[in-house]
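For reference, the structure is listed below as structure tokens.
Nothing in this text is a laboratory measurement; each read-out follows from the coordinates by a stated rule. The structure presented is a predicted model; accordingly, all values stated were derived computationally and were not measured. With ideal geometry, Cβ positions are generated from the backbone for all residues, glycine too; neighbour counts draw on all protein chains shown.
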Amino acid sequence: MATIELQQVEKKFGELHAVKPMDLTIQDGEFVVLLGPSGCGKTTTLRMISGLETVTSGTILLGGRNVTWLHPSERDVAFVFQFYALYPHISARDNISFPLRAQRESKEVIDQRVKEVAALLRIEHLLNQRPGNLSGGDQQRVALARALVRRPEAFLMDEPLGALDADFRESMRAEIKQLHIDQHATTVYVTHDQIEAMAMGDRIVVMSEAVVQQTGTPHEVYYDPANLFVARFIGSPGMNLVSAVYSEGVVNVPGTENRYSVPDGWASPIGETIGGEGRIVLGFRPEAARVKTDGPLSGEVYASELQGAYSVMHVNVNTDDIVHIRTDRQIDYPIGTQVNFDIDPQMVRFFNPADEAAIQKEVSQ
Amino acid sequence: MSNLQLQNVTKEYPGVTALKKVTFDVQDGEFFVLLGPTGAGKTTTLRVVAGLTKQDEGSVLFDNESVDEFPPAERDVALVFQQYSLYPTMSVYDNLAFPLRSPMRDLPEDEIRTKVEDVAKTLRIEHLVERKTAHLSGGEMQRVSIGRAIVRDPRIFLMDEPLSNLDFKLREALRVELQHLQQHLQKTQGSTTLFVTHDQIEALTMADRIAVLNRGRIIQIGTPEDIYDRPATTFVAQLVGTPRINLMKSQREDGTLRIEKSDLHLPMPPDCGVPEQVQLGIRPEDINIDPEGQFSGQVAITEPLGVETVVHIRSKEQTLISLIPGLVDYRKGDEVKFNIQSDRLHCFDLDGIRVQME
């Protein structure tokens with residue numbers, strides 16, 4: 001297995017900038033997820049790594065070898081698509097062994113490797129079936145087996161679970177993660193589903209409008225999003241973001257009585273960023289808020305939703321901003337009730353509305 | 001608004017029974033959700049209510065009177081579909097006004113204006129009324145479709161997966177909007193709604209009551225709490241909740257229930273009314289990792305989702321899925337201790353029918 005390095009890699013389709021120059025180093029054995037909405041450039045990036053798409057400029061290194069201008073077949077990467085791309089007229093076994101037969105491996109090697117991957121993916125009993133007779137999940141397992149059997153330098157996966165129904169996606173997600181833990185294969189995985197990205201990635205590259213917004217561990221992108229886009233995109237619902245005005249250590253939501261004193265360590269970086277006082281965005285995750293009679297923030301219950309194990313209460317803090325508060329199922333306020341709440345000071349974040357970037361908290365001595 | 005009753009509605013197509021003796025009541029003003037997988041018969045049920053499909057047997061009643069002989073137009077129901085069916089060259093205003101301009105209604109234009117403006121305000125699309133619908137986003141178009149249904153003040157709203165074509169974030173937002181709207185309408189014009197979805201979160205979050213359908217049959221009717229906390233069958237138990245409920249064959253053994261292929265013995269008094277062999281259901285959030293925990297196992301994988309982490313815990317060959325608040329970090333093979341909330345266990349017999357524990 002190998003490292004993958006992208007150095008100032010860029011892609012233009014005519015006037016359209018599909019991927020703006022990006023740098024990314026993926027460690028040997030790492031599972032990196034490219035995450036973003038459709039059209040953000042994630043699939044184009046993956047296709048450039050595979051060689052299915054040429055770069056407009058920049059360099060791609062695979063295991064230290066410059067592969068920028070090599071044909072896909074010379075790069076030694078394996079691609080798994082959303083649609084299984086299996087040959088319908090031959091058995092699962094022949095589908096899996098196809099890349100090895102193309103490489104003219106001996107029959108012993110082929111049989112041995114097919115046996116290994118089939119055991120790993122628990123599809124030994126399906127090897128003689130044709131793809132058409134298999135369920136969606138089993139077809140995807142066969143496609144994974146075909147990718148694995150080659151022992152490539154890296155795996156590239158383009159929304160491999162996108163075509164599966166929700167239940168199945170959940171269990172395949174765990175299976176692919178398990179497979180990765182067992183194999184430690186360098187993997188680049190593309191998805192638009194933030195839950196999948198969080199659940200599977202060692203690191204996540206969040207992309208939007210052809211630009212990398214943040215690269216970080218699930219923990220980092222969740223707790224410390226680099227900007228408003230990441231804050232909104234990660235989480236379900238996303239981070240609560242309330243437009244407010246900052247002055248002398250206090251955040252005020254315009255048109256309301258809401259006044260929130262910023263926790264320790266925030267006043268000076270906020271002051272420096274926005275130049276004393278002015279507009280700011282207050283951010284907090286739904287689970288960071290607690291309903292509390294003397295809480296400094298308040299609003300009117302707009303709706304409340306049972307989501308299974310817990311509820312989410314939607315509260316109007318002013319005419320434009322609805323915040324989402326995760327609560328116990330037992331807590332049920334009728335629509336229109338005025339509620340007060342507080343925020344866990346460790347989980348408060350601030351953003352500069354001018355450039356949408358997160359403000360960094362002062363590091364305590 | 002009206003109440004709605006289906007009595008033993010059956011519909012057969014060559015080789016398939018689409019609906020088999022489907023019976024339920026929707027109260028005046030109720031938001032009633034039909035939940036089930038593809039092919040369960042949800043859309044067929046909706047079409048029978050609308051009069052677009054004729055049932056083979058059984059009756060549909062509005063306000064206790066049969067509408068079986070009424071063509072769709074005379075049933076006075078408003079349909080909202082997954083695909084928006086707006087007139088692309090007309091403005092939002094004209095789309096909303098369209099049903100009111102029917103010659104059958106013969107409404108003066110200023111009354112139409114008042115109604116349209118009211119609805120636009122309720123749905124927060126006032127700023128869009130002059131625009132052509134072709135220039136709207138998916139979420140905006142679906143709001144207009146809903147607005148066009150509301151403005152008619154029909155006897156019943158029929159909604160067929162209206163949120164399914166929207167992206168996830170939008171779906172989340174519109175779900176909240178619909179719920180708010182529902183409460184608003186209940187106070188003003190009333191709003192009996194039959195809402196079809198395959199999405200369990202939509203059902204749990206929006207419904208007053210849910211009917212779970214599978215292969216043309218009703219499996220369970222109840223409030224979201226009933227469905228989630230007291231699923232009638234293993235099918236219902238697996239249909240709601242993410243991650244899915246743990247479902248494991250288990251055996252009574254000396255005052256315990258032993259989970260097959262594992263070291264886990266749950267205390268279970270001999271007189272609890274549970275048969276010798278059951279399928280035991282444990283929701284992932286009812287497994288709590290606790291250093292003092294009664295049970296132990298090894299971590300297989302962890303999936304940090306953000307607000308919580310899915311931890312797969314192995315005991316021998318069995319894997320239990322647990323849901324732990326916050327982002328926790330365990331490595332494969334870590335030993336963990338955990339508790340299982342004994343008052344939240346679900347037992348089903350081998351046919352998948354819920355067993356009441358005493």
Query - Choice from A:Asp94, A:Asp167, A:Asp264 with maximal GNM fluctuation in chain A (Cα, 10 Å cutoff) - result: A:Asp167
Report summary line: Here Rg/Rh (Cα, Kirkwood) for the stretch B:185-239 equals 1.01
Query raised in the report: In the stretch B:201-358, what is the volume of the convex hull around the alpha carbon atoms, normalised per residue and reported in Å³?
Result: 122
Query raised in the report: So how long is each side of the stretch B:1-121 along the principal axes, counting just the alpha-carbon atoms, biggest first, in Å?
Result: 50, 30, 25
Report summary line: chain A, Gaussian network, Cα under 10 Å: of A:Ser106, A:Ser97, A:Ser73, the residue fluctuating most is A:Ser106
Query raised in the report: Nearest 10 degrees, 0 to 90: what angle lies between the long axis of helix B:138-151 and the longest principal axis of chain B (Cα atoms)?
Result: 60
Query raised in the report: Using the reciprocal of the averaged 1/r over all distinct C-alpha pairs, how large is the Kirkwood radius of the stretch A:1-41 in Å?
Result: 11.7
Query raised in the report: So, in Å, what gap is there between the alpha-carbon centers of the stretch B:298-353 and the stretch B:190-223?
Result: 28
**Report entry** Of the GluC sites (Glu not before Pro) in the stretch A:1-64, those whose Cβ has at most 10 other Cβ within 10 Å and which sit in DSSP loop
**Finding:** A:Glu15
Query raised in the report: Once you sort the root eigenvalues of the Cα gyration tensor of the stretch A:224-365 as a ≥ b ≥ c, which label holds: rounded (a/c under 1.5), prolate (a/b larger than b/c) or oblate (the other case)?
Result: prolate
Query - Most positive-pole-ward Cα, B:Cys272, B:Leu257, B:Val236, against dipole of the stretch B:228-274 from beta carbon charges - result: B:Val236
**Report entry** Rounded to 5, percent antiparallel among DSSP beta bridges of the protein assembly as shown
**Finding:** 75
Query - Principal semi-axes in Å for the stretch A:296-347 [√(5λ), Cα gyration tensor, largest first] - result: 17, 15, 9
**Report entry** chain B - Rg and Dmax from Cα coordinates, angstrom
**Finding:** 24.4, 78
Query raised in the report: Which aspartates and glutamates have a Cα less than 16 Å from the Cα of B:Lys121, not counting those fewer than 8 places away in the same chain?
Result: A:Asp320, B:Asp94, B:Glu111, B:Glu130, B:Glu140, B:Asp153, B:Glu177
Requested in this report: Could you tally the net charge around A:Thr215, taking each other residue with its Cβ under 15 Å from the Cβ of A:Thr215, Lys/Arg +1 and Asp/Glu -1?
Outcome: -3
Report summary line: Quick calc, the protein assembly as shown, dipole around Cα centre from Cβ unit charges on Lys, Arg (+) and Asp, Glu (-), nearest 20 debye, gives 2020
Query raised in the report: Taking every residue in B:299-305, how many Cβ atoms of other protein chains lie within 10 Å of its Cβ, on average?
Result: 6
Report task. For chain A, just run the numbers: alpha carbon Rg, then divide by 2.2 N^0.38 Å, N being how many residues it has. Result -> 1.18
Query raised in the report: Is it possible to state the helix-based mean residue ellipticity at 222 nm for the protein assembly as shown, with each DSSP H run of 4+ residues giving -39500 (n - 2.57), the sum divided by total residues, to the nearest 500 deg cm²/dmol? What is it?
Result: -7500 deg cm²/dmol
Query raised in the report: Taking a ≥ b ≥ c as the square roots of the eigenvalues of the Cα gyration tensor of the stretch A:132-210, is the shape rounded (a/c under 1.5), prolate (a/b larger than b/c) or oblate?
Result: oblate
Report summary line: Projected onto the charge dipole of the protein assembly as shown (unit charges on the beta-carbon of Lys, Arg, Asp and Glu, signs +1, +1, -1, -1), the Cα from A:Met157, B:Ile282, A:Val117 with the largest positive-side position is that of A:Val117
Query raised in the report: Just how large is the dipole of chain B about the Cα centre, in debye to the nearest 20, putting +1 at every Lys and Arg Cβ and -1 at every Asp and Glu Cβ?
Result: 840
Report summary line: Per 5 angstrom bin, beginning at 0 and ending with the bin that holds the maximum distance, the Cα pairs of the stretch B:281-358 fall in percents of 3, 15, 23, 24, 15, 10, 7, 2
Report summary line: Amide H contacts under 5 Å for B:Asp56, restricted to residues at least 5 apart in sequence or on another chain and with H modeled in the peptide plane, are B:Thr10, B:Lys11, B:Glu12
Query raised in the report: From the square roots a ≥ b ≥ c of the eigenvalues of the alpha-carbon gyration tensor of the protein assembly as shown, which class results: rounded (a/c under 1.5), prolate (a/b over b/c), or oblate?
Result: rounded
Requested in this report: Hey, could you get me the Stokes-Einstein D for the stretch B:108-234, Kirkwood radius over alpha-carbon pairs, 20 °C and 1.002 mPa s, rounded to whole µm² s⁻¹?
Outcome: 133
Query - Across B:Lys115/B:Lys187; A:Lys20/A:Lys177; B:Lys54/B:Lys187, pairs whose alpha-carbon gap is larger than 26 Å - result: A:Lys20/A:Lys177; B:Lys54/B:Lys187
